[in-house]
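Undergrad: Provided herewith is a single structure, encoded as structure tokens, for subsequent inquiry.
The values are calculated or read from the model by the stated rules, or taken from the named source; none is laboratory data. Model, not experiment: these values are computed from the prediction. Cβ placement follows ideal geometry from the backbone for every residue including glycine, while neighbour counts extend to all protein chains displayed.
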2 protein chains.
Amino acid sequence: MNANPEFFASNAHVDAAAIEPLPNSRKVYVEGSRPDVRVPMREISQADTPTHFGGETNPPIYVYDCSGPYSDPTVKIDIREGLPGLRTKWIEERGDSEVLSGLTSEYGRSRANMENLARLRFPGLHRKPRRAKPGMNVSQMHYARRGIITPEMEYIAIRENLRRQEYLESLRRSGPQGERLAKALTRQHPGQNFGAALPEEITAEFVRAEVARGRAIIPANINHPETEPMIIGRNFLVKINANIGNSALGSSINEEVDKMTWAIRWGGDTVMDLSTGKNIHETREWIIRNSPVPIGTVPIYQALEKVDGKAEELTWEMFRDTLIEQAEQGVDYFTIHAGVLLRYIPMTAERMTGIVSRGGSIMAKWCLAHHKESFLYTHFEEICEIMKAYDVAFSLGDGLRPGSIYDANDEAQLAELKTLGELTQIAWKHDCQVMIEGPGHVPMQLIKENMDKELEWCDEAPFYTLGPLTTDIAPGYDHITSGIGAAMIGWYGTAMLCYVTPKEHLGLPDKNDVKEGIITYKLAAHAADLAKGHPGAQIRDNALSKARFEFRWDDQFNLGLDPDKAREFHDETLPKESAKVAHFCSMCGPHFCSMKITQDVRDFAAKQGISEADALEKGMEVKSVEFVKTGAEVYHKV
Amino acid sequence: MNANPEFFASNAHVDAAAIEPLPNSRKVYVEGSRPDVRVPMREISQADTPTHFGGETNPPIYVYDCSGPYSDPTVKIDIREGLPGLRTKWIEERGDSEVLSGLTSEYGRSRANMENLARLRFPGLHRKPRRAKPGMNVSQMHYARRGIITPEMEYIAIRENLRRQEYLESLRRSGPQGERLAKALTRQHPGQNFGAALPEEITAEFVRAEVARGRAIIPANINHPETEPMIIGRNFLVKINANIGNSALGSSINEEVDKMTWAIRWGGDTVMDLSTGKNIHETREWIIRNSPVPIGTVPIYQALEKVDGKAEELTWEMFRDTLIEQAEQGVDYFTIHAGVLLRYIPMTAERMTGIVSRGGSIMAKWCLAHHKESFLYTHFEEICEIMKAYDVAFSLGDGLRPGSIYDANDEAQLAELKTLGELTQIAWKHDCQVMIEGPGHVPMQLIKENMDKELEWCDEAPFYTLGPLTTDIAPGYDHITSGIGAAMIGWYGTAMLCYVTPKEHLGLPDKNDVKEGIITYKLAAHAADLAKGHPGAQIRDNALSKARFEFRWDDQFNLGLDPDKAREFHDETLPKESAKVAHFCSMCGPHFCSMKITQDVRDFAAKQGISEADALEKGMEVKSVEFVKTGAEVYHKV
């Protein structure tokens, strides 16, 4: 059982590991059309190619950076202060929202007045909540549909392009081989995109059009101005979400903030706070104020805590109050299980694992107890009113997702999905942003059906899936079982993948599990980008493989998703710094490196002043003798 | 750097961890048509369902067992003695082979005569090598084509069926709900099998026919009578291989034997000894004599050691001697890179990572140095003569496989694959068993092309792939990147998946890495079996999910691929034994368990004496009031 030392706001501090610089990396900002559109990227510098391999300059690579100011050494981080509100001015400028005199949710007000919470309350919030002016709609979709390109949209366009053009130019300028290298290092295989529309370059107008169409969302609550804008949609880079949150059995506020900063360091694009334990309200405040990525929640969890776990005592009024409470804190998207209809519940009777969604089972219980449709469904339009007053996006929950291979793609699951499609149309009528949650446990051959039906029934609203897990038999390894399904469904069109950690089905993930889950999903998302043929997706693979071939060990580590682990694994056998330029590793030893042998072959050809291909095609008999003579085994030193 | 304490045969001992009993597991043997056909399976017993969930008896589950006598507590293991030769009698009975007076390879004899090797030589081999009588062919394919069903084939048929019928019967007998349970627990989703022909039950005749057709192989050298017969083919369970072996930089004989016993404990179906370091011959002897699974090697590695790493000095004569040396030790399959043709080498010139196969690069170097086709290609039929004299199966090596996403499916790779198809026809002419090695690094959208071309060009000879890795950017996590590709290509028709460990590209795997790789590939192979619709594949998932739903925590752990890790993860937060029957875990805590809530719903329906579905459909208004009254939250204790 976790010790959970008591948390005091006064000595809360950022996790030192979360702000350590990543090796050979630099935070850069790309400026947009106005000076306050400053889009962060991580620039990874590389060593030059050793002379005997060609000696070229390898320009830096730019990678998508979710880590916010934590990885900027010029920013002083104090988690008791929170992050600066980078979108504050943009929100103000639009003139369609107003600052409230205080919190408008009953619960929010009551928590604010509890003196015994003072010691753990986030101390740094000095601004009041903001809400749309009466009759106004502050959702990014609303702007998009009126033809307005917001700074958020411009920011996203710059972010998604990852300075690809600049990289190409710097390759061209890198030496006599520049043109050839530029071509090779930006080359990639044609994708198979199943109907996605991936432009060569993302423009702000494209972002706007996709949001207007409902095919992408920008989760960006006006009360979370700290967010660095990002987009979730099938025509953009595949994103990943990390779940954190305490339970009744473990974890403190500081641990949860640490999990958040740790998750974004390794590439979490959004974070869901799924806390069901103590002090949910205060925990969330700490997380949001310190999060540069959108925060999602499942409000029904907190609502259930408010009625001491008695699902049947939930009411629309208190749920509504919970939505407002959280919206005024700045939650960027809400999971709403409005598709759990009374008539679908019997469809789960013959399931192997019944209802496994926490939200789904709560709503099912409520529906049964009251024998009527849930307030999420009957009050859906009122929920829309709240969502658009703060710009909270819907994540329509799959309360009836399958919890076992046995239950995959069954009647209950698909019936709910269809309802989510109908709710999407209602939300869109209100210009509310929507994504759709997906399973769960699904064997590989049934994954595509999930995606296809979602695209059809939900009119291409972004799909946001948990895995899916492709088998049930590997507890302890469910990040992997689900990483397989995640990569596949990402390829087929899912916009965001909700990670699964090794602790799935077994316990509450700790920091290590968070990282393991993040990296697994990062690679799954990247595999999906490659398979779809997302423009530029292969740049990082090409650069890393070139470094690998040229025995630039440090660059190989640094260009990877987890430089620390790569280095640690390498150094287990060959810890010396000299081994970082060695032309072998411990796998094969010095005599057996195939890459070294390949280079011998190339060197030989180069010495003849001909390309290797020519050398062979023009008849090599004589030359091959020379090859032996010059000592085929000798690696030509500089 | 590894310490490598000196190894002495006299105090070699089995790894204690490799012989520890697995929880709630029992080794059982299923007898075939003769008493010496005794097929091992692991029987995992389960607890009864708690009364409040229905109280049924859960019969034991049978799982495929690669661990050999190591997991049989009645067998005393002494690795200095080796395993009993369970196939010895079968081989003798066939009367087509003879015991030689001694080793016939020069190298084998010279090693046997070196006195300084006595201290590390395997002491337990008291039999002499065996070879086909002149003009005879001892390959399983040869028997199959002559219509003979060998004991090996019968053994395999029993093994592949996993007592499915018995399990079904025991479910039927398990109580009043027996018939319903039998149906549910053996139900599975229709597969998508891309042209595989999966019979409902595997018969010995089916095994014979598949081997005769070349669509499956049984690696079973007559000098490795210790093997428990197994089959590799697209119409059987997907298998996995684990690579072990030392390099010049690390690992001792005992460590390699430990890796082998560890690999088979967790499910390695075959093991390749890829040693390139010291005492390759002696290391291999220890491994084979103690291995119940087929052992594969890449003979060119050892051949290269014999010429001090000078590829151009390799000759047919010494390679031939190496084949005989290894065949007489009992290697069950040889990787032979005979498809690396001179004209294909220039095709690798513009690659990102050149030639990454060790064998491929060695042969390329030889071809260039001599400017002629390799002796593997020019002497291919002579190699066939050796293979059929001992029944060593071909694993036709993909020497030109891609080592980066960039190089996937390129001209060089596909040209070689076509040649492997031609060589397959030649080998089949000799009734030699063949499988085909495959890549490598391949983005998801290009994986299927690999499989399709292999099936077409190699006439459905079993495909045996390394991963493929679906991205290049995750050093340290390549077991996962490649597990994704492995699951997919297994689904498309690959017969055996060669594992990749977390150390790939970084260093020599240790025991932990071996296990991590094995479990990852076990789950990938299982995901593939499910997706293909392999009969009975879903039984284990169904049983585990049922245990999960019923909070039989121990059963959930024990039915998984790695009970130790599952339990460890669970116990990190809830170590007490009482938590093993708790109706919650640390993820959600006691109030939030969706499975518990689902059961509340079912209990309610049951108490009304109606099915849940009926309860709802017949109008629940009154009953729902009762539901609330009886205390919806109260979990009904026994």
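Undergrad: Hand me the list of strands (runs of 3 or more DSSP E) wholly inside the range A:12-76 holding 3 or more residues that are within 23 Å of the chain's Cα centre (by Cα), farther than 24 Å from residue A:89 by Cβ and not assigned by the TED database to the domain that holds residue A:232.
TA: Hits in the range A:12-76: A:38-44, A:61-63.
Undergrad: Can you spot a residue in the range B:10-32 that is among the hydroxyl-bearing types (Ser, Thr, Tyr) and at pLDDT 95 or above?
TA: yes
Undergrad: Please verify whether the range A:333-340 includes one or more residues that are out of contact with any helix residue (DSSP H, G or I) (no Cβ under 6 Å at 6 or more places or on another chain) and under 23 Å from residue A:509 (Cα atoms).
TA: Of all residues in the range A:333-340, those out of contact with any helix residue (DSSP H, G or I) (no Cβ under 6 Å at 6 or more places or on another chain) come to A:333, A:335.
Imposing the further condition that a residue be under 23 Å from residue A:509 (Cα atoms) reduces the set to A:333, A:335.
Yes, because at least one residue in the range A:333-340 is out of contact with any helix residue (DSSP H, G or I) (no Cβ under 6 Å at 6 or more places or on another chain) and under 23 Å from residue A:509 (Cα atoms).
Undergrad: Okay, moving on. Determine whether the range A:177-189 contains at least one residue that is surrounded by fewer than 16 Cβ atoms within 10 Å (Cβ to Cβ), within 14 Å of another protein chain (Cβ to nearest Cβ) and within 26 Å of the chain's Cα centre (by Cα).
TA: For the range A:177-189, residues surrounded by fewer than 16 Cβ atoms within 10 Å (Cβ to Cβ), within 14 Å of another protein chain (Cβ to nearest Cβ) and within 26 Å of the chain's Cα centre (by Cα): present.
Undergrad: Another question, if that's okay. Taking the range A:495-523 only, how many residues are more than 7 Å from every other protein chain (Cβ to nearest Cβ) and among the small types (Gly, Ala, Ser)?
TA: Number of matching residues: 2.
Undergrad: If you don't mind, there's one more thing I want to ask. What number of residues within the range A:277-312 are in a helix (DSSP H, G or I), basic (Lys, Arg) and within 27 Å of residue A:15 (Cβ to Cβ)?
TA: 2
Undergrad: Looking at the range A:307-322, which of its residues are of a type in the set (Ser, Thr, Tyr) and either surrounded by fewer than 17 Cβ atoms within 10 Å (Cβ to Cβ) or in contact with a strand residue (DSSP E or B) (Cβ under 9 Å, 6 or more places away or on another chain) (or both)?
TA: Listed by number, the list holds a single entry, A:315.
Undergrad: Restricting to the range A:61-76, what's the tally of residues that are without any contact (Cβ under 8 Å) to a residue 60 or more places away in the chain and crowded, with 18+ Cβ neighbours inside 10 Å?
TA: 2
Undergrad: If I go through the range B:224-250 residue by residue, how many of them are outside any loop (DSSP other than H, G, I, E, B) and among the polar types (S, T, N, Q)?
TA: Initially, the range B:224-250 is screened for residues outside any loop (DSSP other than H, G, I, E, B), giving B:232-233, B:239-244, B:247, B:250.
Going one step further and asking which of them are among the polar types (S, T, N, Q), we end up with B:241, B:243, B:247.
Selection size over the range B:224-250: 3.
Undergrad: Let me ask something else. Return a yes/no flag: does the range A:412-425 have any residue that is surrounded by 24 or more Cβ atoms within 10 Å (Cβ to Cβ), at pLDDT 95 or above and over 26 Å from residue A:489 (Cβ atoms).
TA: So far as the range A:412-425 goes, no, none of its residues is surrounded by 24 or more Cβ atoms within 10 Å (Cβ to Cβ), at pLDDT 95 or above and over 26 Å from residue A:489 (Cβ atoms).
Undergrad: So, residue A:334, is that one in contact with a Pro (Cβ under 7 Å, 6 or more places away or on another chain) and either crowded, with 21+ Cβ neighbours inside 10 Å or away from chain B (no Cβ under 14 Å) (or both) or not?
TA: Yes, satisfied.
Undergrad: Would you confirm, using the coordinates I've provided, whether residue A:368 is more than 8 Å from chain B (Cβ to nearest Cβ) and of a type outside the set (Val, Ile, Thr)? So that I can check it myself, show each step before the final result.
TA: Working: more than 8 Å from chain B (Cβ to nearest Cβ): no; of a type outside the set (Val, Ile, Thr): yes.
No.
Undergrad: Being in a helix (DSSP H, G or I) and touching a residue at least 60 places away in the same chain (Cβ under 8 Å) is the filter here; which residues of the range B:379-405 pass it? Steps first, please.
TA: Just the residues of the range B:379-405 that are in a helix (DSSP H, G or I), to begin with: B:380-390, B:405.
Scanning the range B:379-405 gives B:382, B:383, B:386, B:387, B:388, B:389, B:390, B:405.
Undergrad: So, restricting to helices (runs of 4 or more DSSP H) that lie completely within the range B:80-178, which ones have at least 3 residues that are free of Cβ contacts under 8 Å to residues at least 12 places away in the same chain?
TA: Output list reads B:106-112.
Undergrad: Another question about this same structure. If we keep just the residues of the range B:530-583 that are more than 9 Å from every other protein chain (Cβ to nearest Cβ) and acidic (Asp, Glu), which is farthest from residue A:443 (Cα to Cα)?
TA: Selected residue: B:577.
Undergrad: Tell me, yes or no, whether the range B:83-104 has at least one residue that is among the charged types (D, E, K, R), within 16 Å of residue B:324 (Cβ to Cβ) and touching a helix residue (DSSP H, G or I) at 6+ places or on another chain (Cβ under 8 Å).
TA: Taking every residue of the range B:83-104 in turn, none turns out to be among the charged types (D, E, K, R), within 16 Å of residue B:324 (Cβ to Cβ) and touching a helix residue (DSSP H, G or I) at 6+ places or on another chain (Cβ under 8 Å).
Undergrad: Something else: Hey, could you check the range A:481-494 for residues that are facing chain B (nearest Cβ under 8 Å) and under 17 Å from the mean Cα position of the chain (by Cα) and say which is nearest to residue B:467 (Cα to Cα)?
TA: Top of the filtered list is A:484.
Undergrad: Of the numbered conditions (1) at positive phi; (2) crowded, with 24+ Cβ neighbours inside 10 Å, residue B:438 fails exactly one; give the number of that condition.
TA: (1)
Undergrad: Every residue in the range A:406-451 that is part of a loop (DSSP other than H, G, I, E, B), within 14 Å of chain B (Cβ to nearest Cβ) and over 26 Å from the mean Cα position of the chain (by Cα), please. Can you show your working first?
TA: Taking the range A:406-451 as the starting set, the residues that turn out to be part of a loop (DSSP other than H, G, I, E, B) are A:408-410, A:430-433, A:439-440, A:442-443.
If we keep only those that are within 14 Å of chain B (Cβ to nearest Cβ) as well, we get A:408-410, A:439-440, A:442-443.
Selection gives A:410 alone.
Undergrad: From the set of residues in the range A:170-184 that are in contact with a Pro (Cβ under 9 Å, 6 or more places away or on another chain) and not hydroxyl-bearing (Ser, Thr, Tyr), which is modelled with the lowest pLDDT?
TA: The qualifying residue modelled with the lowest pLDDT is A:173.
Undergrad: In addition: Restricting the search to the range A:179-200, which residues are over 29 Å from residue A:38 (Cβ atoms) and part of a helix (DSSP H, G or I)?
TA: Across the range A:179-200, the qualifying residues are A:179, A:180, A:181, A:183, A:184.
Undergrad: A further question on this structure: Can you name the residue in the range B:343-365 that is at the interface with chain A (Cβ under 7 Å from one of its Cβ atoms) and more than 33 Å from the chain's Cα centre (by Cα) and is also surrounded by the most Cβ atoms within 10 Å (Cβ to Cβ) among such residues?
TA: Result: B:346.
The rows are residues; the columns are (1) closer than 15 Å to residue A:481 by Cα; (2) not in a helix (DSSP H, G or I).
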{"site": "B:484", "(1), (2)": "yes, no"}
{"site": "B:502", "(1), (2)": "no, yes"}
{"site": "B:513", "(1), (2)": "no, no"}
{"site": "B:518", "(1), (2)": "yes, no"}
{"site": "B:524", "(1), (2)": "yes, no"}
{"site": "B:531", "(1), (2)": "yes, no"}
{"site": "B:542", "(1), (2)": "no, no"}
{"site": "B:570", "(1), (2)": "no, no"}
{"site": "B:578", "(1), (2)": "no, no"}
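Undergrad: Given the criteria surrounded by 19 or more Cβ atoms within 10 Å (Cβ to Cβ) and closer than 30 Å to residue A:8 by Cα, does residue A:79 qualify?
TA: Yes: the conditions hold for residue A:79.
Undergrad: Here are B:537, B:527, B:531, B:579: which of them is of a type in the set (Gly, Ala, Ser) and at pLDDT below 95?
TA: Details: B:537 fails: at pLDDT below 95; B:527 fails: at pLDDT below 95; B:531 fails: at pLDDT below 95.
The conditions single out B:579.
Undergrad: Given the conditions (1) without any contact (Cβ under 8 Å) to a residue 60 or more places away in the chain; (2) assigned to a helix (DSSP H, G or I), which single one is not true for residue B:350?
TA: (2)
Undergrad: Tell me which of these residue A:200 doesn't satisfy, since it passes every other one: (1) within 24 Å of the chain's Cα centre (by Cα); (2) on the phi > 0 side of the Ramachandran plot.
TA: Unmet condition: (2).
Undergrad: Touching an Asp or Glu at 6+ places or on another chain (Cβ under 7 Å), under 23 Å from residue A:308 (Cβ atoms) and more than 12 Å from every other protein chain (Cβ to nearest Cβ) - does that describe any residue in the range A:260-269?
TA: No, there is no match, as no residue in the range A:260-269 is touching an Asp or Glu at 6+ places or on another chain (Cβ under 7 Å), under 23 Å from residue A:308 (Cβ atoms) and more than 12 Å from every other protein chain (Cβ to nearest Cβ).
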